[in-house]
Amino acid sequence: MYKIAVVPGDGTGPEVVREGLKVLKAVAEVTGFKFETVNYDFGGDRYLKTGETLPDSAIAEFKEMDAIYLGAVGHPGVEPGILEKGLLLKIRFALDQYINLRPVKLYPGVWTPLRDKGPEDINFVVVRENTEGLYTGVGGITKKGTPDEVAIQGMVNTRKGVERCIRYAFQYTKEQKRKKLTLCDKANVLTYAHDLWRRAFEEVGKEYPDIEKDYAFVDAVCMWMVKNPEWFEVIVTCNMFGDIITDLGAMIQGGMGIAAGGNINPEGTSMFEPIGGSAPKYTGKNVINPLAAISAVQMMLEYLGETKSALLIEEAVIKTCGKMKSLSAGKMGYTTTEVGTWWQVLLKKNK
Ligand code: IPM
Ligand code: MN
């Protein structure tokens with residue numbers, strides 16, 4: 001019996017999570033695993049009412065769960081940074097979810113802005129470091145509001161944090177039977193931080209002699225993701241670069257409507273989410289694409305070892321994509337709830 005914490009969150013989060021949970025329920029009936037969910041109403045509305053983003057008691061509860069399923073974080077009525085740091089990053093950090101795993105896979109029949117590229121060209125995974133880098137909040141502002149103002153945002157790279165991320169990436173590359181791991185950095189400028197990354201990469205790489213070690217600067221990675229995405233199999237990178245290149249990745253795989261990710265602590269509780277954000281302008285309109293949230297369920301089940309269920313979901317995602325006019329909100333040719341309902345049928349047929 002899996003215990004899953006559900007945090008629908010802000011904006012369209014609750015709408016897509018609702019559909020994701022329908023799929024979870026349907027696939028559980030097909031393959032026979034059991035789960036229960038515990039719902040948490042954290043997000044912008046609760047913050048505006050109570051001033052609370054995420055109490056420590058919730059973190060303690062999350063630690064006892066098998067997984068967390070998150071919708072979206074971000075509320076137009078809340079100043080930027082409060083929910084991001086107080087809720088999303090707080091979960092990632094407090095549960096030490098040190099990997100952010102983001103597949104970039106173009107499914108057949110899905111439109112990509114890259115002309116002349118197809119599913120055989122766009123199929124790689126980004127392993128993003130998820131607890132350090134520019135995200136820790138180390139730094140400060142002095143002389144604020146004066147002409148002499150100074151703002152420093154520290155980039156934290158610990159040997160332990162970098163090494164465990166790189167080791168995860170190598171191990172993942174091996175387990176997925178991929179041949180090449182690309183380290184995406186800016187070692188030509190960040191000669192301290194990314195020197196550490198390069199050395200850790202080379203040292204850990206010795207444990208994986210069969211995996212080709214590839215190096216690319218982040219600016220070049222952006223160029224090649226557009227020009228030659230087929231060059232990439234697995235990319236490992238720091239927190240900030242991973243954030244940026246996975247939005248680009250989402251676009252070449254068809255859009256935010258399909259992009260999902262896992263915040264992973266291999267020894268603890270992991271969290272799965274569509275990466276698209278809360279999309280305030282589509283909230284409540286029943287037009288948002290729930291496929292990313294459904295793919296997040298697939299990743300969660302893969303992680304929990306429910307391989308057959310995960311495969312069934314992916315097969316159904318592929319069929320669903322092929323039928324949609326577009327993956328973008330409002331342009332699918334279906335409503336959000338239609339997609340979720342149709343899914344239950346698909347899964348049962350696939351059984
Ligand atoms: C993401 C998001 C978050 C990030 C924001 C909301 C803090 O953009 O998951 O990619 O930067 O990690
Ligand atoms: Mn992002």
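Points worth noting:
- The stretch 112-253, relative contact order in percent, only Cα pairs under 8 angstrom and at least six apart counted: 38
- Gyration tensor (alpha-carbon) shape descriptor, the stretch 49-191, a/c threshold 1.5: prolate
- Taking trypsin sites (Lys or Arg not before Pro) across the stretch 269-328, the ones in a DSSP loop with at most 14 further Cβ atoms lying within 10 angstrom of their Cβ are K285, K325.
- For the stretch 112-118, backbone phi angles converted through the Karplus equation (6.51, -1.76, 1.60; θ = phi - 60°) give residue-by-residue couplings of 10, x, 7, 5, 6, 10, x Hz, Gly and Pro being listed as x.
- Accessible surface computed residue by residue for the stretch 112-253, with neighbouring protein chains in place and a 1.4 Å probe, gives 50 Å² per residue.
- The chain, helix-only ellipticity at 222 nm - DSSP H runs n ≥ 4, -39,500 (n - 2.57), divided by all residues, nearest 500: -12500 deg cm²/dmol
- Under the Karplus curve 6.51 cos²θ - 1.76 cosθ + 1.60, θ = phi - 60°, whole-Hz ³J(HN,Hα) for the stretch 11-18, x wherever Gly or Pro sits: x, 7, x, x, 5, 6, 5, 4
- Interchain or long-range residues, amide H under 5 Å from L183's placed H: D214, Y215, A216, V236
- DSSP beta bridge pairing in the chain, given as percent antiparallel to the nearest 5: 40
- Distance from the stretch 28-85 to the stretch 172-224 (C-alpha centre basis), Å: 33
- Put a dot 7 Å past the Cα of M223, heading toward its Cβ, do the same for D56, and the two dots end up 5.0 nm apart.
- Within a straight-line Cα-Cα reach of under 23 Å, K213 can be paired with the following lysines, leaving aside sequence neighbours fewer than 8 residues apart in one chain: K105, K160, K174, K177, K179, K180, K186, K227.
- Table column - 3J(HN,Hα) (Hz), the stretch 58-65, Karplus curve with 6.51, -1.76, 1.60, x for Gly and Pro: 5, 4, 4, 5, 4, 4, 8, 8
- Once backbone amide H atoms are built at 1.01 Å from N, A260 has I275 as its partners under 5 Å, excluding neighbours fewer than 5 places away on the same chain.
- Fraction of accessible area attributable to carbon and sulfur, the stretch 145-227 (%, probe 1.4 Å): 55
- Longest to shortest principal axis, alpha-carbon extents of the chain, angstrom: 56, 51, 39
- Around E203: net Lys/Arg minus Asp/Glu count, Cβ-Cβ under 14 Å: +4
- Take every pair of alpha-carbon atoms less than 8 Å apart whose residues are at least six positions apart; their mean separation over the length of the chain yields a relative contact order of 25 percent.
- Share antiparallel - DSSP beta bridges, the stretch 112-253, percent rounded to 5: 25
- For the stretch 27-78, the solvent-accessible area with a 1.4 angstrom probe is 49 square angstrom per residue.
- Under 5 Å from the amide H of T136 lie the amide H atoms of V156, each residue being 5 or more positions distant or on a separate chain, with H modelled from the backbone and absent for Pro and chain starts.
The values are calculated or read from the model by the stated rules, or taken from the named source; none is laboratory data. What you see is a predicted model, and the numbers here were worked out from it, not measured in a lab. Cβ sites come from the backbone with ideal geometry, for glycine too, and all protein chains shown count toward neighbours. For accessibility, only protein heavy atoms count, side chains too; no ligands or nucleic acids. Shrake-Rupley method; radii C 1.70, N 1.55, O 1.52, S 1.80 Å.
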